[in-house]
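Asks: Following this message is one structure expressed as structure tokens.
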Amino acid sequence: MGIDRRDFLKRLAGIGGVALLGKGAEAYAGQPLGGFPDHLGVLVDTTLCVGCRSCEKACNEINQDLPRRPQESFQDMSVFEGRRRMSAGSYTVVNRYPDPKDSERPFYSKFQCMHCLDPGCVSACIVGALTKDPSGAVRYDAWKCIGCRYCMAACPFQVPAYEYHNALTPQVRKCTFCFEARTSKGEMPACVEACPMEVMTFGKRRELITIAKSRIKKYPDRYVRHIYGEHEVGGTGWLYLSGLPFEDIDFPKLGNTSVPSYTEPIQHAIFKHWIPPLTWFGVLGLLMWFMKPVENKTEPRSDEEGPEK
Amino acid sequence: MSSHEHAAPLDKRFFTTGVKILIALMITGLGFGLYRMIFGLGSVTNLTDQYPWGLWIGVDVASGVALAAGGFTSAFLAHIFHREHYHAIVRPALLTAMLGYTFVGIGLMFDLGRWYNIWHPALPMMWQGNSVLFEVGMCVMVYVSVLYFEFIPIVTERFMGRVNLPGILSLLNEPIDATLRVIDTVSGKIMFLFVIAGVVLSCLHQSSLGTLMVIAPYKMHPLYWSLLSPLFFLFSAIAVGYPMVIFESIIASKSFGREPEMHILTPLAKFTPYLLGVYIALKIGDMIYRGSYVYLLEGSIQSWMFWFEFGLLTVVPFLMFLSSRVRQSAGWLFTAAIMYVVGVLVNRATVFFVAYQPPFAEKAYFPAIGEFALTIGLVSTLMLVYRAIVTIFPVLPAPEEEC
Ligand code: SF4
Ligand code: SF4
Ligand code: SF4
């Protein structure tokens, strides 16, 4: 779906500054959003995953500001008895899903922030603490954050977690795509590197889609015919292949429209060059002028009903 | 903005039993508030990663803003439409709006994880024009200032000609009085700009509050997700303005031992069926257009909430307001008004934390004791401040016999 909203312009300009930016910005803004041409991503082939939790451990190690956890805790396989979600202490979790055709060999799936192409969290953030890097990562700047948690309400995957028990400097927590430590330097995220089964492929999103398609074509029995994240909510940086229907491995059923494309047009229509608010101001002003009583007529028109005696 | 001769400071004892109860509630609430500030949101609230918004956003903030709509709707009637008859309600409504928004801000301070960054949206380097919340935040900030400006004449009126400082300070009496007079004249001259701005800003942020959850189409219950949600919020806020004024006015009359001002409230109530009718028509039209009526009988908590807040607390008061017998009886009018006021409150709460259904919720959110306590504490504090201000400043209409 061609989404060519003028996001960058709007993001740069804030309300009302549109005119100041002039033509150069217009030209840049004209680029379709789907056209981060070098958007990086990861293809996760859940059919290969054995549930060793090495990715969780690597994630915990590289993110120095998460609560450190002992090595052994990642060898505890009893966690698979329940379903886990990401939390303020873990950016990624692996869950187990039984295969109805083969009770011996269940499926596993790792989950984390999807690094959406048009992220709800970024559009929602009141101060721009969440930003989309052209290379793909959705980044968070705790210093700007006011802790309103609107990003959490906006994320269609229910990803961002919050440090509810930190009284003074709570942060929104979600996968960083290892941006600072690795992907900004062209290295793969820590989890991708740690995986012994090569479940994950790191690369340009466009190429990952080609790879995914060819895998489905080559092994039609192994996969459901769907690349999750190719179109969901306008496309995501992380892409998934699965042997089970995606609903059965806890992927929400989502439409192809990105969530900001519902709110942003409303926002921008209301503030289009300040015309609607100023018009409303003018109309009210005129009304005030014309309604001004000529003589001192103070009786209300609707007073045919007196109070009951 | 002249004809305020009829407003006067309240001449009543301050510490009544009611006031003592309010003080107790205030202290309890602020105790929980303090606890939250020291031990974090998680220690007092039932908020989770699944439910990031709860009672404080749904009630303290969203309902607080909606129920302060009496301010701009009565300003519209009295100042823009020049219905002089209604001037007596403008000041109380203005005070409610001013305090209402102030307490929205205070309530928000308890809800924001990094409350000390609350001013960040005002920094141009952090402006984020795509964010609905940014617009709400900016409009509310500017609107609070407008409301305080609109209150200036009430302050100058109170002190002009009455500046009487003791001892050596008495030398300042003359200059202060002169300054007050200048402020009074100047603010009176440009007040119309602020009145209009107040209405514009109100329309903007009342509707944008309704846009907030539009960003969660895959999480909201279909009965409560619509692209028209901003209009629902705007029109229900406009509709609740006068019922809120009526509700407060009758309460104030009762608690200050006066007769309800039915000669103003009865004609005022006549507008409500029209305004409420627009909202109800929009809402039903949208439901038919989107086909969401199929969810009405599904028996989910969301469908029950819809029947409760829309059926019982919106349509029923609408029908009541239609009847001239209801409008003429203080008791019935009060019942209809309070029903719709509660209806708006329940509607906002439903949108923000009942209709919101996170895909991986472990259990539904229900507010914790501490969340209720703080909310009740803040409302009590607001009422105390209201009472204190009407005792000091000429806000409420002077009792009949003095006129
Ligand atoms: S998955 Fe959620 S948190 Fe991650 S980029 Fe998308 S909207 Fe943001
Ligand atoms: S919690 Fe922080 S990151 Fe999330 S929307 Fe609010 S300010 Fe932005
Ligand atoms: S490291 Fe690889 S095989 Fe192990 S749990 Fe993570 S994705 Fe699965």
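The values are calculated or read from the model by the stated rules, or taken from the named source; none is laboratory data. Nothing here was measured: the structure is a model prediction, and the numbers come from that model. Here Cβ is always computed from backbone atoms with ideal geometry, including for glycine, and neighbour counts include all displayed protein chains. Only protein heavy atoms, including side chains, enter the accessible area calculation; ligands, DNA and RNA are left aside. Shrake-Rupley method; radii C 1.70, N 1.55, O 1.52, S 1.80 Å.
Asks: Could you list, ordered by first residue, the pairs with Cβ atoms under 8 Å in which the first is in segment A:228-247 and without any contact (Cβ under 8 Å) to a residue 60 or more places away in the chain and part of a strand (DSSP E or B) and the second is aliphatic (A, V, I, L, M) and open to solvent by less than 10 Å² (accessible area, probe 1.4 Å), at least 6 apart or interchain?
Replies: A:Tyr228/A:Leu239; A:Tyr228/A:Leu241
Asks: Same structure, new question: Restricting the search to segment A:114-129, which residues are more than 7 Å from ligand 1 (Cβ to nearest atom) and assigned to a strand (DSSP E or B)?
Replies: First pass over segment A:114-129, keeping only residues more than 7 Å from ligand 1 (Cβ to nearest atom): A:117-118, A:123-129.
Residues satisfying the conditions do not exist here.
Asks: Among all residue pairs at least 6 apart or on different chains, which show Cβ distances below 9 Å where the first residue, located in segment A:138-156, is more than 7 Å from chain B (Cβ to nearest Cβ) and away from ligand 1 (no atom under 13 Å from the Cβ) and the second is modelled with pLDDT of 95 or more and not in a loop (DSSP other than H, G, I, E, B)?
Replies: Filtered contacts from segment A:138-156: A:Asp141/A:Leu130; A:Asp141/A:Thr131; A:Ala142/A:Val172; A:Trp143/B:Asn117.
Asks: If you go through segment B:110-124 one residue at a time, do you hit one that is in contact with a strand residue (DSSP E or B) (Cβ under 7 Å, 6 or more places away or on another chain) and among the charged types (D, E, K, R)?
Replies: No - not one qualifying residue is present in segment B:110-124.
Asks: Given the residues A:Ala124, A:Ala58, A:Ala154, which is the only one that is touching a Phe, Trp or Tyr at 6+ places or on another chain (Cβ under 7 Å) and of a type outside the set (D, E, K, R)? Before you say what the answer is, go through the steps one by one.
Replies: Numbers: A:Ala58 fails: touching a Phe, Trp or Tyr at 6+ places or on another chain (Cβ under 7 Å); A:Ala154 fails: touching a Phe, Trp or Tyr at 6+ places or on another chain (Cβ under 7 Å).
Testing whether each residue is touching a Phe, Trp or Tyr at 6+ places or on another chain (Cβ under 7 Å) and of a type outside the set (D, E, K, R) leaves just A:Ala124.
Asks: Which ones in segment B:129-156 are in contact with a Lys or Arg (Cβ under 7 Å, 6 or more places away or on another chain) and not small (Gly, Ala, Ser)?
Replies: Step one: filter segment B:129-156 for residues in contact with a Lys or Arg (Cβ under 7 Å, 6 or more places away or on another chain), giving B:129-130, B:154.
Within segment B:129-156, B:Asn130, B:Ile154 qualify.
Asks: Kindly evaluate A:Pro260 against the criterion of being within 12 Å of another protein chain (Cβ to nearest Cβ) and surrounded by 16 or more Cβ atoms within 10 Å (Cβ to Cβ). Spell out the reasoning first.
Replies: Details: within 12 Å of another protein chain (Cβ to nearest Cβ): yes; surrounded by 16 or more Cβ atoms within 10 Å (Cβ to Cβ): yes.
Yes: the conditions hold for A:Pro260.
Asks: Another question, if that's okay. Tell me the residue from A:Pro265, A:Pro245, A:Pro252 that is more than 13 Å from ligand 1 (Cβ to nearest atom) and assigned by TED's automatic domain parsing to the domain that holds A:Pro100, please.
Replies: A:Pro245
Asks: Would you list the helices (runs of 4 or more DSSP H) that sit entirely within segment B:46-128 and hold 3 or more residues that are open to solvent by less than 10 Å² (accessible area, probe 1.4 Å)?
Replies: Details: elements: B:64-67, B:70-75, B:87-111.
Result: B:70-75, B:87-111.
Asks: I would also like to ask the following. I'd like to check which helices (runs of 4 or more DSSP H) are fully inside segment A:1-96 and have at least 2 residues that are open to solvent by 50 Å² or more (accessible area, probe 1.4 Å) and at pLDDT below 85.
Replies: So the answer is A:7-13, A:18-29.
Asks: Please find, among A:Phe74, A:Phe111, A:Phe107, the residue that is within 14 Å of another protein chain (Cβ to nearest Cβ) and within 13 Å of ligand 3 (Cβ to nearest atom).
Replies: The conditions single out A:Phe111.
Asks: Would a scan of segment A:191-201 turn up a residue that is in a strand (DSSP E or B), closer than 16 Å to A:Leu43 by Cα and more than 8 Å from chain B (Cβ to nearest Cβ)?
Replies: So far as segment A:191-201 goes, yes, one or more of its residues are in a strand (DSSP E or B), closer than 16 Å to A:Leu43 by Cα and more than 8 Å from chain B (Cβ to nearest Cβ).
Asks: Of the residues B:Ser255, B:Ser323, B:Ser303, which is in contact with a Gly (Cβ under 9 Å, 6 or more places away or on another chain) and among the small types (Gly, Ala, Ser)?
Replies: Going through B:Ser255, B:Ser323, B:Ser303 in turn, just one is in contact with a Gly (Cβ under 9 Å, 6 or more places away or on another chain) and among the small types (Gly, Ala, Ser): B:Ser255.
Asks: Among the residues of segment A:117-137 satisfying the criterion of being at the interface with chain B (Cβ under 7 Å from one of its Cβ atoms) and within 6 Å of ligand 2 (Cβ to nearest atom), which is nearest to A:Glu264 (Cα to Cα)?
Replies: A:Ala124
Asks: From B:Leu312, B:Leu382, grab the single residue that is within 19 Å of the chain's Cα centre (by Cα) and of a type outside the set (Asp, Glu).
Replies: Working: B:Leu312 fails: within 19 Å of the chain's Cα centre (by Cα).
From the options B:Leu312, B:Leu382, the qualifying one is B:Leu382.
Asks: Moving to a separate point now. Hey, can you tell me all the residues within segment B:361-380 that are open to solvent by less than 40 Å² (accessible area, probe 1.4 Å), farther than 18 Å from B:Met37 by Cα and in a helix (DSSP H, G or I)? Break it down stepwise before answering.
Replies: Going residue by residue through segment B:361-380, those that are open to solvent by less than 40 Å² (accessible area, probe 1.4 Å) are B:365, B:367-368, B:370-371, B:373-375, B:377-378, B:380.
Applying the additional criterion that residues be farther than 18 Å from B:Met37 by Cα yields B:365, B:380.
B:Ser380 - this is the single residue of segment B:361-380 that is open to solvent by less than 40 Å² (accessible area, probe 1.4 Å), farther than 18 Å from B:Met37 by Cα and in a helix (DSSP H, G or I).
Asks: Filter segment A:160-180 down to the residues that are part of a loop (DSSP other than H, G, I, E, B) and at the interface with chain B (Cβ under 9 Å from one of its Cβ atoms) and list them by number.
Replies: A:Pro160, A:Glu163, A:Tyr164, A:His165, A:Asn166, A:Ala167, A:Leu168, A:Thr169, A:Pro170, A:Gln171
Asks: Within segment B:208-306, which helices (runs of 4 or more DSSP H) (wholly inside it) include 1 or more residues that are within 14 Å of chain A (Cβ to nearest Cβ), among the hydroxyl-bearing types (Ser, Thr, Tyr) and open to solvent by 50 Å² or more (accessible area, probe 1.4 Å)? Spell out how you get there, then give the answer.
Replies: On the way: elements: B:229-255, B:262-269, B:271-290, B:301-306.
Because the criterion is at least 1 residues that are within 14 Å of chain A (Cβ to nearest Cβ), among the hydroxyl-bearing types (Ser, Thr, Tyr) and open to solvent by 50 Å² or more (accessible area, probe 1.4 Å), the helices (runs of 4 or more DSSP H) in segment B:208-306 that meet it are B:271-290.
Asks: Let me ask another. Can you run down the residue pairs with Cβ atoms below 6 Å, 6 or more apart or on separate chains, where the first is in segment A:35-59 and within 24 Å of A:Arg222 (Cα to Cα) and the partner is open to solvent by 40 Å² or more (accessible area, probe 1.4 Å) and of a type in the set (D, E, K, R)?
Replies: A:Thr47/A:Arg222; A:Gly51/A:Arg96
Asks: So, in segment A:112-161, exactly how many residues are among the hydroxyl-bearing types (Ser, Thr, Tyr), open to solvent by less than 10 Å² (accessible area, probe 1.4 Å) and over 11 Å from the mean Cα position of the chain (by Cα)?
Replies: Of the residues in that region, 1 qualify.
Asks: Let me ask something additional. Do we have any residue at all in segment B:136-143 that's within 7 Å of another protein chain (Cβ to nearest Cβ) and assigned to a loop (DSSP other than H, G, I, E, B)?
Replies: No.
Asks: What about A:Lys101, is it open to solvent by 20 Å² or more (accessible area, probe 1.4 Å) and either free of Cβ contacts under 8 Å to residues at least 40 places away in the same chain or within 16 Å of ligand 3 (Cβ to nearest atom) (or both)?
Replies: yes
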